[in-house]
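Following: one structure in structure tokens, then a few remarks.
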Amino acid sequence: MKTEPRAEPARAEPPKRAARKLKEQMVRGIAVAPGIAIGPIFDTTEVPADAPRRRITEDQAEAERQRLGEAAALSRKQLGKLKMRLSVLPEEAQEELAPLLDAYVLMLGNSRLLRGARRRIAEELVAAETAVLDESEGIAAVILAAKDDDKAGLLRRAQEVREIARRLTRNLLATPFRSLKDVPAGAILVADELTPADAALLDPSRIAGVATEEGGADGHTAIMLRALGIPSVVACHGLAESALRGDQAVLDGTQGFIVLRPGPAALERAKEGLAAFAKERAKLGKLRRLPAETTDGEQVELQANLEIPAELPLIAQAGAQGIGLLRTEFLFMNREDLPDEEAHLAAYGPIVEAMAPDEVTIRVLDWGGEKDMEALANGMEPTHGGPNPALGLRGLRLLLKRPELLEAQFAAILRVAERGKVRILLPLVTTPNEVKQARDIYERVARRLRRKGEKIPEKLPPLGVMIETPGAALAADAIALEADFFAIGTNDLAMYTLAVDRGDAEVAHLYDPLHPAVLRLVQFATEAALRMRMPVSVCGEMAGNPRLVPLLLGLGIRCLSMNASAIPRVKQAVRALDIDDCARFARRVMEQSDPARIQELVMGFANGLAEKVKG
Ligand code: PEP
Ligand code: MG
């Protein structure tokens, strides 16, 4: 069957550039990875140039039409959201954009574009994305060939069709960030949304900064960006519509804003900020060899969280006393098959050896929620996502359902255990019985390895539990009977306690680890562990915030695991604190039930501490 050749795209200004006055514009968001970037914008709203053309068979046509319908629905939803956020843009931009968005929504209804694409799927037997691109180019060519003196108007209409086709195609391909190879070095990446797997593909030596429309402070994408050390801001409402590819911008990942098309004053401030940031870093670097010890001699263990192996040198540089949370999800990202025992072994071995004699706490796969993974999704159609992924088959629940995944990880960890010091951590536990089941599998794997003559430690490495749901925190004393240690995950704990998605920009203002409900759960779980004389740490993002450290120490925590680059600042805070002061302060905070009052107290204490550190 014959397909129409794709018309050459006309070289014209994209509609959003034509529609906007090009002046300085600041968009505020949530600061997630510190540092300042100055560079040209690279927005990811383009469909990759190498978007594949695909043919299908007749019996696949119905499924393709369905995919197209779903992509159109998603595109309408995205545009609806954009429209809701228009109010944050300057009035003149709102006036220009609102009708444009309405036109886009119409094109996503029963329009010529969608009818034509559906016809192409059925008649030409091409995949939905191929049908959309071919149809949009066909329509654009007809528009451009029309006899009309208003050439600019024709061009604009043709571009609008192409723009909507691009949105549809991006949603159909669902892999908008796979082709970042052409990002110019030094660019600031602007995206609607970035998944943790997308972020893992970013090269920090090339990308100066990242700003996204979506996202929350402690979402996994934010965590990945911090790990990569790329200055980043998320939840920048209205950014994608205002940022134009190639424009100069300044991004401040410490304060949480991006200035598009900065004038000379904004540029000057950014340059000064860059110099101050470098100076501060050099000063903090000097703390590397000093102990994390309070003024009254209490030792605090500062460990690192690791998202990807490339962080290892940074962890050594930061002076971490081991890895308190090795998230193994990186091994499952951006691949279509599952890693086997040997792949796990190859990944963990070098890390365990490099960190020895310090311990490495390896958390077994925590898949679920926003951490989408093709390899797993492939084999799990019926449960993939589920009606509510955050409450579904994620974390340890998934591993107990697919024990072969857990067995491969346990076996690899046991095989590297003699090359250093390891501990194993179970994610998203809610009942003591889940821990028992995991331990049975762990011991079975150990017996099998011994039978095979593998060298594994006589005494098995400790098996610990993440306390990251209210259920686990409140059942901490029962879970403690089954566990060898606790690691408190304040990110999920805050999310599940407050019913606020940690990665959702719409509710980011409600995400508050200092909410008294969250703090009471942290306190309850910590005390349960301390009563049993069981090791307990905090490895959520709270641990890396120097302002929150006095409170955590006051609650009895003596081990904090965080993004490596946060260690120097946290050490600086620890070295200026007195444990009795922290305990008194924590008692005061825990008497409060108003989150705003707690914020006030914490900020007050932090400001006093900052003065002390300065002096
Ligand atoms: C947490 O939930 O606090 C945690 C440390 O785990 P993750 O961020 O990987 O969900
Ligand atoms: Mg978690």
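Among (1) at pLDDT below 75; (2) part of a strand (DSSP E or B), where does residue 49 come up short?
So the condition that residue 49 fails would be (2).
Within segment 110-144, count every residue that is outside any helix (DSSP H, G or I), more than 35 Å from the chain's Cα centre (by Cα) and in contact (Cβ under 8 Å) with a residue 40 or more places away in the chain.
1
Residues of segment 243-300 being of a type in the set (Asp, Glu) and not in a helix (DSSP H, G or I), which ones?
247, 252, 293, 296, 298
Hey, among 222, 211, which residue is at pLDDT 90 or above, within 16 Å of ligand 2 (Cβ to nearest atom) and open to solvent by less than 10 Å² (accessible area, probe 1.4 Å)?
Being at pLDDT 90 or above, within 16 Å of ligand 2 (Cβ to nearest atom) and open to solvent by less than 10 Å² (accessible area, probe 1.4 Å) holds for just one of 222, 211, which is 222.
Assess whether residue 593 counts as being of a type in the set (Ser, Thr, Tyr), open to solvent by 20 Å² or more (accessible area, probe 1.4 Å) and under 29 Å from residue 310 (Cα atoms).
no
State whether the residues of segment 471-493 include one that is within 16 Å of ligand 2 (Cβ to nearest atom), assigned by TED's automatic domain parsing to the domain that holds residue 559 and among the polar types (S, T, N, Q).
Checking segment 471-493: at least one residue is within 16 Å of ligand 2 (Cβ to nearest atom), assigned by TED's automatic domain parsing to the domain that holds residue 559 and among the polar types (S, T, N, Q).
Here is a list: 436, 459, 401. Which entry is modelled with pLDDT under 95, within 29 Å of residue 525 (Cα to Cα), more than 15 Å from ligand 2 (Cβ to nearest atom) and surrounded by fewer than 17 Cβ atoms within 10 Å (Cβ to Cβ)?
Going through 436, 459, 401 in turn, just one is modelled with pLDDT under 95, within 29 Å of residue 525 (Cα to Cα), more than 15 Å from ligand 2 (Cβ to nearest atom) and surrounded by fewer than 17 Cβ atoms within 10 Å (Cβ to Cβ): 401.
Whether any residue in segment 551-564 is of a type in the set (S, T, N, Q), part of a helix (DSSP H, G or I) and within 14 Å of ligand 2 (Cβ to nearest atom) is what I want to check.
no
Regarding residue 569, is this residue surrounded by fewer than 17 Cβ atoms within 10 Å (Cβ to Cβ) and either over 28 Å from the mean Cα position of the chain (by Cα) or not assigned by TED's automatic domain parsing to the domain that holds residue 307 (or both)?
no
Looking at segment 462-490 only, could you name the residues that are open to solvent by 10 Å² or more (accessible area, probe 1.4 Å) and in contact with a Lys or Arg (Cβ under 7 Å, 6 or more places away or on another chain)?
Within segment 462-490, 462, 482 meet the criteria.
Take the residues in segment 404-416 that are touching a residue at least 12 places away in the same chain (Cβ under 8 Å) and open to solvent by 10 Å² or more (accessible area, probe 1.4 Å); name whichever of them is farthest from residue 540 (Cα to Cα).
The selected residue is 415.
Which of the residues belonging to segment 496-515 are in a helix (DSSP H, G or I) and away from ligand 2 (no atom under 12 Å from the Cβ)?
497, 498, 505, 506, 507, 508, 509, 510
Report whether or not residue 235 is surrounded by 20 or more Cβ atoms within 10 Å (Cβ to Cβ), in contact with a helix residue (DSSP H, G or I) (Cβ under 6 Å, 6 or more places away or on another chain) and modelled with pLDDT of 90 or more.
The answer is yes for residue 235.
Select from segment 524-544 the residues that are touching a residue at least 24 places away in the same chain (Cβ under 8 Å) and either part of a loop (DSSP other than H, G, I, E, B) or assigned by TED's automatic domain parsing to the domain that holds residue 34 (or both) and write down the one among them that is nearest to the chain's Cα centre (by Cα).
By that ranking, first place goes to 540.
Among the residues of segment 350-368, is there at least one that is free of Cβ contacts under 8 Å to residues at least 40 places away in the same chain and not in a strand (DSSP E or B)?
Checking segment 350-368: at least one residue is free of Cβ contacts under 8 Å to residues at least 40 places away in the same chain and not in a strand (DSSP E or B).
How many of the residues in segment 269-280 are touching a residue at least 40 places away in the same chain (Cβ under 8 Å) and either touching a Cys at 6+ places or on another chain (Cβ under 9 Å) or among the basic types (Lys, Arg) (or both)?
1
Residue 577 fails exactly one of the following numbered conditions: (1) open to solvent by 70 Å² or more (accessible area, probe 1.4 Å); (2) assigned to a loop (DSSP other than H, G, I, E, B). What is the number of that condition?
So the condition that residue 577 fails would be (1).
Every residue, every condition in (1) at pLDDT below 90; (2) surrounded by 20 or more Cβ atoms within 10 Å (Cβ to Cβ); (3) on the phi > 0 side of the Ramachandran plot, yes or no:
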residue: 165; (1), (2), (3): yes, yes, no
residue: 170; (1), (2), (3): yes, yes, no
residue: 174; (1), (2), (3): yes, no, yes
residue: 178; (1), (2), (3): yes, no, no
residue: 181; (1), (2), (3): yes, no, no
residue: 187; (1), (2), (3): no, yes, no
residue: 195; (1), (2), (3): yes, yes, no
residue: 204; (1), (2), (3): yes, no, no
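What's the number of the only condition in (1) more than 16 Å from ligand 2 (Cβ to nearest atom); (2) free of Cβ contacts under 8 Å to residues at least 60 places away in the same chain; (3) not aromatic (Phe, Trp, Tyr) that residue 521 fails to meet?
(1)
Out of everything in segment 496-507 that is open to solvent by 20 Å² or more (accessible area, probe 1.4 Å) and among the aliphatic types (A, V, I, L, M), what residue ends up being nearest to residue 214 (Cα to Cα)?
507
The values are calculated or read from the model by the stated rules, or taken from the named source; none is laboratory data. It should be emphasised that the depicted structure is a prediction, and the values quoted were computed from it without experimental measurement. Glycine also receives a Cβ, built like all others from the backbone with ideal geometry; neighbour counts cover every protein chain displayed. Areas reflect the complete protein model, heavy atoms only, side chains present, ligands, DNA and RNA absent. Shrake-Rupley method; radii C 1.70, N 1.55, O 1.52, S 1.80 Å.
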